[in-house]
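Beneath this line is the structure, given in structure tokens, with notes to follow.
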Amino acid sequence: MSSLYQNKYKDLIELNNLPEHIAVIMDGNGRWAKKQGKPRVFGHKNGVKAVREATEACAEIGIKYLTLYAFSTENWNRPSFEVTALMELLVLTIGREVKTLQKNNIRLNAIGNLSSLPSKTRIELEKAIEATKNNTRMTLTLALSYGSREEIFEAFLKMAQDFKDEKINLQELNPESIKNYLQTSQIPDPELLIRTSGECRVSNFLLWQIAYTEFIFTDKLWPEIGKEDFYSFIYQYQQRERRFGKTSEQINS
Ligand code: IPE
Ligand code: IPE
Ligand code: MG
């Protein structure tokens, strides 16, 4: 493949019309492994390479926020050996990647029920978050033990408590107030959501935040994803007209 072809999409991207935040449902590791007669965990290990590719592609082009769905609240129901392997893979990967995050000025962040993670995983994660907290080029958020309904429920509980403590009053509340109580309060809503592996569902990810997000579903399995795929997703996003309820004529006048 010539380098010209490899850079096809990267060169087509308009840098003044980038999504600020891209969210990704990384799916298909198990099927990728199975296709080559390997155990599912082999797929997760190879998924790490795609995480690196996605992170580099986004940072290089100037995306400010990348959020990766790595483990859902529902994923706790998988066979325990797979859950254990995933948690150990996280420890290894986070430990190994901190230097690269530092070098590339990327801040690591996490959302989800982090207290439910095994302590080794949580400690490694907290160390990396602390070490990279002053980095400014891009924020990489891992959704770990994350479920959007749980996140919204927690937000309601905190809101109710603040109401009880007379920190807020009902007249002041508006839809924006809800955002402030979510774990993503410091992150803009994603303009683009990508899901790999051909599944066309949201699987309890960022339900509140994706009200006006553009979706891209690709048949590629997560471990097959490379930088150029990411550039093609961003390019596809840029071909769309985001109307927010208005007419095309209104948008273009
Ligand atoms: C995504 O790949 C990774 C996680 C959910 C942890 P899967 O493990 O869901 O792979 P498939 O969907 O079974 O192929
Ligand atoms: C969604 O993938 C969660 C992550 C990518 C971490 P799943 O593979 O668990 O989703 P379902 O069960 O097919 O919807
Ligand atoms: Mg899956």
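The values are calculated or read from the model by the stated rules, or taken from the named source; none is laboratory data. Note that the coordinates shown come from a computational prediction; the quantities given were computed from them, not determined experimentally. With ideal geometry, Cβ positions are generated from the backbone for all residues, glycine too; neighbour counts draw on all protein chains shown. Ligands, DNA and RNA are excluded from the accessible area calculation, which covers all protein heavy atoms including side chains. Shrake-Rupley method; radii C 1.70, N 1.55, O 1.52, S 1.80 Å.
Some values worked out for this structure:
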| read-out | value |
| --- | --- |
| Sulfur and carbon atoms: percent of accessible area, the stretch 12-79 [1.4 Å] | 51 percent |
| Cα-derived Rg over Rh, computed across the chain with Rh taken as Kirkwood radius | 0.98 |
| Accessible area of the stretch 146-239 belonging to carbon and sulfur atoms, whole % at 1.4 Å probe | 53 percent |
| Residues of the chain: accessible area per residue with a 1.4 Å probe, Å² | 55 Å² |
| Taking the stretch 33-161 and dividing mean pair separation by its residue count, relative contact order in percent (alpha carbons under 8 Å, at least six apart) | 33 percent |
| Reachable lysines, given that their alpha-carbon falls under 20 Å from the alpha-carbon of K158 and they are not under 8 places away in the same chain | K167, K179 |
| Peptide ranges 170-178, 229-237, 77-85 listed from the most packed, as the mean C-beta count within 10 angstrom indicates | 229-237, 77-85, 170-178 |
| Across K38/K120; K10/K227; K99/K133; K10/K45, pairs whose alpha-carbon gap is larger than 20 Å | K38/K120; K10/K45 |
